[in-house]
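The values are calculated or read from the model by the stated rules, or taken from the named source; none is laboratory data. Model, not experiment: these values are computed from the prediction. Ideal geometry is used to build each Cβ from the backbone, glycine not excepted, and the neighbour counts take in all protein chains shown.
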Amino acid sequence: MHRPSGRGLTFLRQARLPGPGWPGRAAAALAGRAPPDPAGPAAPAVPLAGPHPLAAGVGIALAGFLVLAGQDATIKLLAATLALPLILAVRSLAILLLSLALGGRPLLRAVFTSRVRWLLLRRAVVNLGAWSAYFSAARSLPLGQLASFQFLAPLIVVLSAGWMLGEHSRLRHRLLVVLGTSGALVSGGSLGFEADPALLLALIAAVLWAYAVLLTRRIARTEGPLVQLTATHLLFLAVLGPLALSAPVAPALDQVPLLLLAGLLGGAGQFALFTAARSVPAPIMAPLEYTSLLWNFILGYMLWRNVPGPAFVIGAGLIALSCFGMLAGLRGGMVTRLVRGGDR
């Protein structure tokens, strides 16, 4: 990846989504119309990208979720002895240094002069709020139950992407997402939970993560992945930095490589997801996160010898069926986006 020159920011700032010339625009229109947009009259909805750009984006997203599962395992190893704010602050610092090494001053200028800088700030705040709610709930909820509540987010994305992004999914796709959500709940053992105030925090985290996914897709129509990555971790470092400085335990020398690895994996995984968001509609992108549950259990067995029970096997089967069904339906135009004058 080259370092952008002063002649322009095309490497950092992407154009709006292509119009009818994009492969697949000539496909048949979806039956019915989406709700009209206040900004102006809407044309009939048409299928999104053709199979090749979409398939490439899905592959990038799946790789991103795999890399982020490795990041989570690394953070879990470090969290046994280090304070979480310290770990996350060092991770954000490492990601920022890598981003600035690639983008330099033009990258910072792109962040602070972006036409959607307030959306960038909103997404960073929402993401930080989701992390805060998630780890506050983690104090009293079992890890499996907590993780499975996180996977309510894809269902929320699919149900709200139509009116927030103009990306409408067919009934078959929605049913497959419900199947994947059921698998996540079964795997985490959340079907038999007891009432706990922390469940509300876990639900808030899921809602905030869903909103962050929708904002990511919206911003990706204008800005490139490095801009989103930098804006997010500038805020994270500003908030978590002071907390990290007051951490009771400083990292030992042999923990520094793991801290840097967490930053490298986190940056690479998020960069992949931001890149995939340019071509993958939110209703398709969000359910792919179910695969990270499978990676987490595999890594849990490899690193800590955690043996999953029968519930996980059943839930994993439901998740696999859901994901295979959605991937098989990509060529069938399972998700459409309303075409408006601004997107042509």
remark   = Note on segment 217-261: residues among the polar types (S, T, N, Q), modelled with pLDDT under 95 and under 30 Å from Pro281 (Cα atoms) are Thr222
remark   = Residue pairs qualifying under the 7 Å Cβ cut-off, at least six apart or on distinct chains, with the first in segment 145-163 being over 24 Å from Ile314 (Cβ atoms) and the second being at pLDDT below 80 and not aromatic (Phe, Trp, Tyr), are Gly162/Ala34; Trp163/Pro35
inquiry  = Every residue in segment 86-111 that is over 20 Å from the mean Cα position of the chain (by Cα) and either over 20 Å from Leu128 (Cα atoms) or at pLDDT below 90 (or both), please.
reply    = Leu100, Ala101, Leu102, Gly103, Gly104, Arg105, Pro106, Leu107, Leu108, Arg109, Ala110
task = Starting from segment 85-107, take each residue that is closer than 14 Å to Phe236 by Cα and list its partners that are surrounded by 23 or more Cβ atoms within 10 Å (Cβ to Cβ) and not small (Gly, Ala, Ser), counting only C-beta distances under 6 angstrom and pairs at least six apart or across chains.
result = Pro85/Leu240; Leu88/Leu240; Ala89/Leu240; Ser92/His233; Ile95/His233; Leu96/His233
message = I need the full set of residues from segment 279-332 which are outside any helix (DSSP H, G or I) and surrounded by fewer than 22 Cβ atoms within 10 Å (Cβ to Cβ), in order please.
response = Arg305, Asn306, Val307, Pro308, Gly309, Gly329
query = Under the condition of being β-branched (Val, Ile, Thr) and part of a helix (DSSP H, G or I), which residue from segment 231-270 is nearest to Leu78 (Cα to Cα)?
reply = Val256
query = So which of Ser182, Ser114 ends up being under 18 Å from Leu318 (Cα atoms) and either modelled with pLDDT of 85 or more or more than 17 Å from the chain's Cα centre (by Cα) (or both)?
reply = Ser182
key: Elements of type helices (runs of 4 or more DSSP H) in segment 79-155, at least 1 residues being polar (S, T, N, Q) and under 17 Å from Ala262 (Cβ atoms)   = 84-113, 117-137
query = If you scan segment 220-229, which residues turn out to be buried (at least 24 other Cβ atoms within 10 Å of the Cβ) and part of a helix (DSSP H, G or I)?
reply = Ala220, Leu226, Val227, Gln228, Leu229
